[in-house]
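J.: Attaching a single structure in structure tokens format; questions to follow.
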Amino acid sequence: MQIRLASILESNANGPGLRRVFFSQGCSHGCPDCFNKHTWDFKGGALIDCDEEIQKTIDASYLAGVTFSGGDPFDQPEPFAYIAKKLKEHNINIWSYTGYTWEQLIELSKTNTYIKQLLSNIDVLVDGPFIKELMDENIEWRGSKNQRIILVQESLKQNKVILNKDYK
């Protein structure tokens, strides 16, 4: 299986600890003032072999986890669901950013099994579009105050949003 990515890099700016960040190529949101506008074009970036990147990630035992960013990973739910499932088999912590809200993803997951599968393998979701007027440099792991840091598995169990209170 292949995935279209803008890039892959190691960073400690996309979740706690040093993480391998998969930047999805393609975004349907087009948030004004987005700092990753180069990732919007669904035909940009490069096609990457999923299994090769999964193995590289598993082999990088020094990583604290993986983050899916973008673009929007939920605009490519099938390959991201595949990657997430394989990484969870190795107990790798997974964060994902999305311009969709939790509520939108839950609704979409009713008809898109790949979105459902992707959510079932993510630990933390930072949801919602970037809104420049709500930008706050004092909040952790988010660009704007409307975005939430959601504990995905607990939220799925309780059928409501459970926020990660570890971050301000």
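J.: With a point put 7 Å past each Cα toward its Cβ, work out how far ASN146 is from GLN55 in nm, to one decimal.
T.: 4.3 nm
J.: Moving to a separate point now. Taking every DSSP beta bridge with both residues inside the chain, roughly what % is antiparallel (nearest 5)? Please report the intermediate quantities before stating the final value.
T.: Working: 16 of 27 bridges.
Of those bridges, close to 60 percent are antiparallel.
J.: To continue, here is another question. Output ³J(HN,Hα) for the range 13-28: one whole-Hz value per residue in order, computed from phi by the Karplus curve 6.51 cos²θ - 1.76 cosθ + 1.60 with θ = phi - 60°, and x for Gly and Pro.
T.: Result, ordered by residue: 9, 10, x, x, x, 6, 10, 8, 10, 9, 8, 4, 9, x, 8, 8 Hz.
J.: Let's test the formula: R0 of 35 Å, r as the Cβ-Cβ distance of ASN12 and THR113. What FRET efficiency results, to the nearest 0.05? Walk me through the numbers before you get to the answer.
T.: Values: r = 33 Å, r/R0 = 0.95.
Calculated transfer efficiency: 0.60.
J.: Within the range 32-65, name every residue whose backbone N is under 16 Å away from a label modeled 7 Å from Cα of SER120 along the Cβ vector.
T.: Zone members listed by number: none at all.
J.: Which lysines have a Cα less than 25 Å from the Cα of LYS110, not counting those fewer than 8 places away in the same chain?
T.: Straight-line reach from LYS110, under 25 Å: LYS85, LYS86, LYS88, LYS157, LYS160.
J.: I'd like to compare 10-20, 147-157: which one has the highest average count of other Cβ atoms within 10 Å, and what's the full order after that?
T.: Numbers: 10-20: 16.1, 147-157: 18.2.
Per-residue Cβ counts within 10 Å, averaged per peptide and sorted highest first, yield 147-157, 10-20.
J.: If you bin the C-alpha pair distances of the range 1-88 every 5 Å from 0, what whole percents do you get?
T.: 3, 15, 26, 26, 19, 9, 2, 0
J.: Amide H of THR67 versus every other amide H placed in the peptide plane: which residues, excluding those fewer than 5 positions away on the same chain, fall under 5 Å?
T.: Amide H to amide H, under 5 Å and 5 or more residues apart or across chains, THR67 pairs with ARG20, VAL21, PHE22, TRP95.
J.: What does the convex hull of the alpha-carbon atoms of the range 2-158 project to on average, in nm²? It would help to have the intermediate numbers written out before the result.
T.: Values: hull surface 34.8 nm².
The orientation-averaged projected area of the Cα hull of the range 2-158 comes to 8.7 nm².
J.: Give a residue-ordered list of calculated ³J(HN,Hα) values for the range 34-45 (Karplus: 6.51 cos²θ - 1.76 cosθ + 1.60, θ = phi - 60°; whole Hz; x for Gly, Pro).
T.: Listing the rounded values in order: 4, 8, 10, 4, 5, 8, 6, 5, 5, 9, x, x Hz.
Any read-out appearing in this document is the output of simple, stated calculations on the displayed coordinates, not a laboratory observation. No experiment lies behind these values; they were computed from the predicted model shown. Counting neighbours? That spans all protein chains shown, and the Cβs are built from the backbone with ideal geometry, glycine included.
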